[in-house]
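Only one structure is covered here, and it is reproduced in the block below.
The values are calculated or read from the model by the stated rules, or taken from the named source; none is laboratory data. Because the structure is predicted, anything quoted here is derived from the model rather than measured. Methodologically, a virtual Cβ is constructed for each residue, glycine included, from the backbone with ideal geometry; neighbour enumeration extends over all protein chains shown. For accessibility, only protein heavy atoms count, side chains too; no ligands or nucleic acids. Shrake-Rupley method; radii C 1.70, N 1.55, O 1.52, S 1.80 Å.
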Amino acid sequence: MSKPNIVYIMSDDHCANAISIYGSRIAKVFQTPNLDRIGKEGAVLKSCFCTNAICSPSRASIITGLYPHKHGVKTLSDALDPELDTYPKRMQAGGYQTALVGKWHLHGVPQGFDYYEILPGQGEYFSPYFLDQTTDWEAVERFMDQQEDWSKVKNYGHFGQKHEGYVTDLITDKCVSWLEQRDQGKPFMLMCHHKAPHDDFEYHPRYERLFDDVEIPEPESLWEDKGHRSAGSREYGTTVSEKNPRRNAVTTMSRSGYPTGPLNLEGLDAVGRTKAAYQKYLKDYLRVVKGIDDNVGRLLDYLDKEGLAENTIVIYTSDQGMFLGEHDYIDKRWIFEESLQMPMLIKYPQEIKPGSIVEDIVTNVDFAPTLLDYAGLDAAANMQGRSFRKVIEGQTPDDWPNKVYYRYWMHMAHHDNPAHYGIRTKEYKLIFFYGLPLDASDALPEPTPASWELYDLRNDREELANVYDNPAYANVAQRLKEQLFEMKTEVGDGDDSYPELLGRVLETR
């Protein structure tokens, strides 16, 4: 049998709740038929999670199969070591044609690709620049070396070529063009990386009327009383409402310079302002998602038309999840479900049964070994993840871990999220908000309170009841702490060089 082709489609900040096949409240008013098609013709993974819910660290984990403390990309400003082993490098060496189009966001020249056209940093939604093999990368590197905060740099597009049009359409155009010109005698691996739906949600004008006379359902937790939460988390994070005066959607979206037009708050009280901000936030976001869905349909149709679909693995995912008003949050970064969960849809007609549902836990460090497994290639010896190919087939190994270790390093930077780590099993989630910058790039120096939270996901999927201080859960908390510290040891994320952090652990246990 010939090796399968691979089309890996990844968006930025696309949560599972905004894909209709996942059946969230949003599916009542918004459908994603082309994304759903991947899941209907293949598998829907219901428990796919990231290990750090922020763009660059997750992207680095996806291609290396390593946790952030191992590959070194803990924050948005950390660069990926070009010498690290990655699955694109292994596929290229194994006879695959490899291509990358769209968002890269790993600071440097992409390695392991025969062809690439990437956006500089976040890139632009309209008339974006693309960098490619003709780019003067030494000049780019000199420019970036002069910047204090890489995560805020958006103005180095002038090193590339400007293309008129809308970024989601252009990325798809470039992917199809590369497919048409590829060497048809070799298998291919194409990474189609969309910028969308990253903020500020600049949708194409063709979607302007999409939600006329439609009200997006609100999540129950939009109005959550966070009194149950610990001191380490309850006052932080970017909110929809004005509860966080430093960062909130009401203030951001009411500005006259907001890309999709300012939010009109005239005559509204605090509740009305929250409701109005929620509706604008959701509608702008979903209009951008509609552009992704339409373009995924274009790519799927091309594969069908060219007779490639039968022997092509198609994956759709995102670099992490995204809050759409849950817990009164926007953005991501937290270990809470909507941020932690990655959508994962995969189809491969020769092997994956249509309509498959996968409940077992997989993480982004498992992606690289899985893709290499499908390609018939060996994973690197240092890759920390495992192939979930058998899991998709319903043959989950007896020793499959079914838990995820998570750590967010970028303490209080940009979106007021305290540094924390935790463990998520099938039944529970235990979180330690350690609230220190340590040595993480961009992290802000002011500490926040240290505290623990525990959620019983069997009875509280929405995470509305922190039961850490409930005596009935004392044994559960202790058992999860043991598992958490065992997993920290297992993945090599010891904190011996951070005595202040270890002190906070002891003080709060």
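Observations
- For the stretch 75-186, with +1 on Lys and Arg beta carbons and -1 on Asp and Glu, the positive-most of TYR129, HIS158, THR98 along the dipole: THR98
- Antiparallel DSSP beta bridges within the chain, percent to nearest 5: 50
- For the chain, the dipole from Cβ point charges (+1 on Lys and Arg, -1 on Asp and Glu) about the Cα centre works out to 600 debye, to the nearest 20.
- For the stretch 296-426, carbon and sulfur atoms together expose 45% of the accessible surface, with a 1.4 angstrom probe and every protein chain in place.
- Links that overshoot a 25 Å alpha carbon limit, given the list LYS162/LYS347; LYS195/LYS243; LYS195/LYS488; LYS3/LYS305: LYS162/LYS347; LYS195/LYS243; LYS195/LYS488
- Computed from the Cβ-Cβ distance with R0 of 30 Å, the FRET efficiency linking ARG25 to ARG298 stands at 0.60.
- The label-point distance for SER177 and GLU138, in a model that sets each label 7 Å from Cα toward Cβ, rounds to 2.8 nm.
- Separation in nanometres of the label points that stand 7 Å from Cα toward Cβ, at GLU482 and ASP439: 3.3
- Tensor-based shape of the stretch 126-215 (alpha-carbon gyration tensor, a/c under 1.5 rounded, otherwise prolate or oblate): oblate
- Structure-based [θ]222 nm, the chain - -39500 (n - 2.57) summed over DSSP H runs of at least 4, per residue, nearest 500: -8000 deg cm²/dmol
- Proximal lysines relative to LYS353, as straight alpha-carbon distance under 17 Å, when same-chain residues fewer than 8 apart are discounted: LYS40, LYS46, LYS390
- Global geometry of the stretch 370-492, whether rounded, prolate or oblate, following the gyration tensor of its Cα atoms and the 1.5 cut on a/c: oblate
- Its relative contact order, with pairs defined as Cα atoms under 8 Å and 6+ residues apart, puts the stretch 53-134 at 22 percent.
- Spin-label model distance (nm) - GLU359 vs ASN459, 7 Å beyond Cα toward Cβ: 1.9
- With all protein chains kept in place, the per residue accessible area of the chain amounts to 38 square angstrom at a probe of 1.4 angstrom.
- Of the DSSP H helices in the chain, those whose Cα atoms cover at least 20 Å axially and whose Kyte score averages -1.0 or more: 167-181, 270-305, 474-491
- Share of carbon and sulfur in the accessible area of the stretch 189-260 stands at 44%, probe radius 1.4 Å.
- For the chain: relative contact order, % (alpha-carbon pairs under 8 angstrom, 6 or more apart): 22
- Residue-span extension gain [ASP213 to THR260] - 0.36 nm each, minus C-alpha spacing: 15.1 nm
- Area projected by the alpha carbon convex hull of the stretch 319-410, averaged over all directions, nm²: 7.6
- Counted charge near PRO82, where neighbours are those whose Cβ lies closer than 12 Å (Asp, Glu -1; Lys, Arg +1): -3
- Coupling constants for the stretch 189-206 follow from the phi torsions by the Karplus curve (6.51 cos²θ - 1.76 cosθ + 1.60, θ = phi - 60°), and in residue order they are 10, 10, 9, 9, 10, 7, 5, 5, x, 4, 4, 9, 6, 7, 7, 5, x, 5 Hz; glycine and proline get x.
- Shape of the stretch 40-126, Cα gyration tensor, a/c cut at 1.5: rounded
- Peptide ranges 115-125, 48-58 listed from the most packed, as the mean C-beta count within 10 angstrom indicates: 48-58, 115-125
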